[in-house]
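This report concerns only the one structure given below.
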Amino acid sequence: MKEKNNWSLIIAPAIEPSGRKAVGNYYLEHSEALNFVGERHCLLTVEFSKRKIPSLAKINYKSVNYYKLTGFRPRVFGYLFWCIYCISAALYLFVKEGKPKVILAQRGLLSGTVAFWINSIFGIPYVIIEHSSEVMEENYGSRDRKRLLRAYKRASKIAAVSGPLALSLVNLVPQGRKVDIIPNVAPVNSFKLDYDHNFDTNRPLKLVTVSNLVPNKRVERLIPVIKGFIDRGFDVRLDIIGDGPEYKNLEKVIYREKLQSKVRLLGKLNHEVIAESLGRYDCFVSKSAYETFGVVYLEALLCGVPVITSAGTGSNDIFDGNDFLGVTDSNLCIEDFIKLVKSYWYNDSEDSRRKRRQYVLSKFGYESVGRTLKDFINI
């Protein structure tokens with residue numbers, strides 16, 4: 001094996017042992033951000049498929065040095081096989097590229113476990129960035145808790161993608177250890193301003209929310225807001241984009257309240273379709289109980305759309321007290337919520353929308369996040 005080289009290895013679970021796909025492409029975007037600031041690295045993901053013989057392939061994705069190992073998913077011991085696949089692929093890269101200076105484990109449970117074992121065998125230090133909502137919800141068993149504790153204890157550095165997620169790690173990381181904040185990268189190339197947006201307020205107010213329809217997103221709480229607008233004589237529309245177990249319940253609530261002409265359930269839409277249409281709306285609204293990061297808020301702001309959502313949901317790190325972006329407040333009554341939406345609607349402009357986008361670019365763009373990441377992995 002070659003001597004230690006000046007490169008980093010990023011390990012990310014694109015598809016978990018359960019067969020569930022990772023939410024979003026955060027690991028690809030972090031990799032692109034490191035490329036942007038000139039940090040040499042390889043990205044390694046492992047996926048299960050019907051393929052019987054494991055296969056490691058170089059993936060052509062933009063300028064990312066990306067390898068994917070695909071192997072069959074056994075009926076039992078899926079977690080063990082995932083780790084074996086990942087370590088085997090990492091060994092191949094070590095032979096080809098030399099030992100990396102550091103391993104960046106995207107998520108503590110799977111990638112962190114692999115990084116722990118590689119560290120045990122080869123002595124390569126590792127850092128962890130936590131993304132998982134399961135960690136925030138403490139939705140893991142005793143065995144996974146032990147794995148997390150072990151991975152966090154030996155990690156040289158630990159980070160989370162948002163403040164609320166970092167706080168949720170308090171019972172997992174060693175006492176006194178600092179948890180840094182490394183945000184996800186905003187999808188700046190996909191979500192853009194709609195230069196044809198209609199700022200005329202003598203038309204129906206167009207609201208939107210994009211969400212997995214699960215209980216903690218509390219999408220049903222937006223229905224009284226729409227009723228409040230109607231009761232005050234406003235012509236309003238709400239589009240709900242997303243799918244999930246709460247879909248049928250929302251359908252019943254909309255029917256019961258006779259809002260079929262005002263509230264549309266659009267289901268799960270293609271990412272490109274959302275990116276193309278988001279800028280046409282007047283305001284993005286949410287009542288979510290929590291978000292591990294809140295990338296949907298960034299997507300709306302990149303399109304210039306103001307956001308009104310709950311505080312402490314991952315949104316505080318994004319808004320940082322900048323009222324021109326929108327408002328985060330968990331205690332808004334319907335009356336106050338309506339006043340805020342009206343205020344942003346009546347005062348919106350092309351300049352306001354450009355400022356929102358520019359703010360996101362400066363704080364969550366490839367260069368900003370790339371420099372933060374580069375400092376984080378240089379231990």
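The values are calculated or read from the model by the stated rules, or taken from the named source; none is laboratory data. Everything numeric in this text was worked out from a predicted model, so none of it was measured. FYI the Cβ positions are ideal-geometry reconstructions off the backbone, even for glycines, and counts take in every protein chain you see.
Show the residue pairs that are 6+ apart or on different chains and have beta-carbon atoms under 9 Å apart, the first residue being within region 87-102 and without any contact (Cβ under 8 Å) to a residue 40 or more places away in the chain, the second being in a loop (DSSP other than H, G, I, E, B). If the second residue must be in a loop (DSSP other than H, G, I, E, B), the pairs left are Ser88/Pro54; Leu91/Met1; Lys96/Lys2. Within region 196-248, the set of residues being in a helix (DSSP H, G or I) and touching a helix residue (DSSP H, G or I) at 6+ places or on another chain (Cβ under 7 Å) comprises Val219, Glu220, Ile223, Pro224, Val225, Gly228, Phe229. Of all residues in region 122-138, those that are among the acidic types (Asp, Glu) and touching a strand residue (DSSP E or B) at 6+ places or on another chain (Cβ under 7 Å) total 1. When Asp196 is tested against the conditions (1) in the same structural domain as Ala33 (by TED's automatic domain parsing); (2) over 24 Å from the mean Cα position of the chain (by Cα), the lone failure is (1).
If you check Lys227 against the conditions, is it in contact with a Ser or Thr (Cβ under 7 Å, 6 or more places away or on another chain), of a type in the set (D, E, K, R) and in the same structural domain as Val263 (by TED's automatic domain parsing)? No: the conditions fail for Lys227.
Within the bounds of region 173-194, is there any residue that is crowded, with 20+ Cβ neighbours inside 10 Å and more than 30 Å from Ser132 (Cα to Cα)? No: zero hits.
Of the listed requirements (1) surrounded by 16 or more Cβ atoms within 10 Å (Cβ to Cβ); (2) assigned to a loop (DSSP other than H, G, I, E, B), Ala275 misses just one: (2). Within region 133-187, the set of residues being in contact (Cβ under 8 Å) with a residue 40 or more places away in the chain and of a type in the set (Phe, Trp, Tyr) comprises just one member, Tyr152.
With respect to the conditions (1) on the phi > 0 side of the Ramachandran plot; (2) modelled with pLDDT of 70 or more, Gly326 falls short on a single one, namely (2). Scanning region 149-171 for residues that are farther than 20 Å from Ile377 by Cβ and either of a type in the set (Lys, Arg) or in contact with a strand residue (DSSP E or B) (Cβ under 9 Å, 6 or more places away or on another chain) (or both) gives Arg150, Gly163, Leu167, Ser168, Val170. Might you check whether a residue that is within 25 Å of Tyr140 (Cβ to Cβ), modelled with pLDDT of 80 or more and surrounded by 15 or more Cβ atoms within 10 Å (Cβ to Cβ) occurs anywhere in region 53-65? Among the residues of region 53-65, not one is within 25 Å of Tyr140 (Cβ to Cβ), modelled with pLDDT of 80 or more and surrounded by 15 or more Cβ atoms within 10 Å (Cβ to Cβ), which makes the answer no. Checked across region 21-40, the condition of being aliphatic (A, V, I, L, M), modelled with pLDDT of 80 or more and part of a loop (DSSP other than H, G, I, E, B) holds for at least one residue.
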